[in-house]
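Chemist: Before anything else, here's the structure in question.
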Amino acid sequence: MSEPATASAIEAALIELGLSFENPRPGAYLVRLEGQHKLATMTWLVVGEHSLGVESFFCRQPDENHEAFYRFLLERNGRMYGVHFTLDPVGDVYLTGRLPLSAVAVADIDRLLGCVLAYSDDNFDTALELGFASAIRREWAWRAKRGESLANLRAFARFADPDRPGSDPDSDPGSDPGSDPGSDPGSDPGRDESATST
């Protein structure tokens with residue numbers, strides 16, 4: 001299948017699946033996947049000469065507990081379909097993969113994006129707890145002190161809420177309060193186009 005034909009098939013599949021997406025350049029699609037833990041997983045599908053590249057930002061490099069953080073992700077890699085956890089040169093974490101251009105039927109795209117969403121959403125809270133616990137505790141304290149919403153931190157109340165029985169109020173050095181480790185540090189989730197183009 002030619003690159004233009006592949007791109008057309010992908011666009012048709014995304015429309016049929018009812019997904020929100022942008023097409024900023026020929027053969028490149030930025031798809032928004034709605035989650036529960038990670039509210040939005042932005043995923044690039046990029047048509048190359050021989051393969052379909054997939055890239056989705058997961059979280060920035062961890063502040064602490066690096067060994068446990070990376071071990072957690074590596075243990076999952078062996079059980080994943082279509083994509084796997086990778087690092088960029090600064091240590092930020094992505095889900096990336098390549099599929100043959102023949103795998104662009106609606107069912108293929110549906111399965112691939114479903115996996116991206118599941119791997120991103122299901123592993124997000126644990127990854128943040130492992131790599132950003134100190135920052136989460138400080139963010140909790142900062143918001144609580146100012147009476148701001150803690151809604152999107154409730155998943156971490158077990159260790160971040162000092163008023164909760166059994167929580168650990170001690171915090172370690174880490175990132176600044178208000179810094180969201182799950183937010184892409186660049187304005188373009190596919191800023192490293194070499195990771196998905198062939």
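The values are calculated or read from the model by the stated rules, or taken from the named source; none is laboratory data. Because the structure is predicted, anything quoted here is derived from the model rather than measured. Backbone-built Cβ (ideal geometry, glycine too); neighbour counts: all protein chains shown.
Chemist: Looking only at the range 108-159, filter to residues that are in contact with a Ser or Thr (Cβ under 9 Å, 6 or more places away or on another chain) and of a type in the set (G, A, S); which one of those is farthest from Y81 (Cα to Cα)?
Modeler: Only one residue fits best here, namely A141.
Chemist: To continue, here is another question. For G82, state whether it is in contact (Cβ under 8 Å) with a residue 24 or more places away in the chain, touching a strand residue (DSSP E or B) at 6+ places or on another chain (Cβ under 8 Å) and not in a loop (DSSP other than H, G, I, E, B).
Modeler: no
Chemist: Is one or more of the residues making up the range 139-155 buried (at least 21 other Cβ atoms within 10 Å of the Cβ), more than 20 Å from the chain's Cα centre (by Cα) and closer than 22 Å to A68 by Cβ?
Modeler: yes
Chemist: Give the range 104-138 a look and list any residue that's out of contact with any Asp or Glu (no Cβ under 6 Å at 6 or more places or on another chain) and surrounded by fewer than 18 Cβ atoms within 10 Å (Cβ to Cβ), or say none.
Modeler: Correct list: A105, A107, D110, R111, G114, C115, A118, D121, D122, D125, T126.
Chemist: Return the pairs, sorted by first residue and then second, in which the second residue is of a type in the set (K, R), the first residue lies in the range 29-48 and is over 18 Å from A13 (Cβ atoms), the beta carbons are less than 6 Å apart, and the residues are 6+ apart or on different chains.
Modeler: A40/R32
Chemist: Just to check your reading of the model, which residue among A7, A40 is modelled with pLDDT under 95 and surrounded by 16 or more Cβ atoms within 10 Å (Cβ to Cβ)?
Modeler: Within the list A7, A40, the selection yields A7.
Chemist: Please go through the range 12-57 and pick out each residue that is touching a strand residue (DSSP E or B) at 6+ places or on another chain (Cβ under 7 Å) and more than 14 Å from V116 (Cβ to Cβ).
Modeler: Passing the criteria: S20, E22, N23, P24, G27, A28, S51.
Chemist: Filter the range 64-76 down to the residues that are touching a helix residue (DSSP H, G or I) at 6+ places or on another chain (Cβ under 7 Å), of a type outside the set (S, T, N, Q) and surrounded by fewer than 21 Cβ atoms within 10 Å (Cβ to Cβ) and list them by number.
Modeler: Within the range 64-76, E64, A68, F72, R76 qualify.
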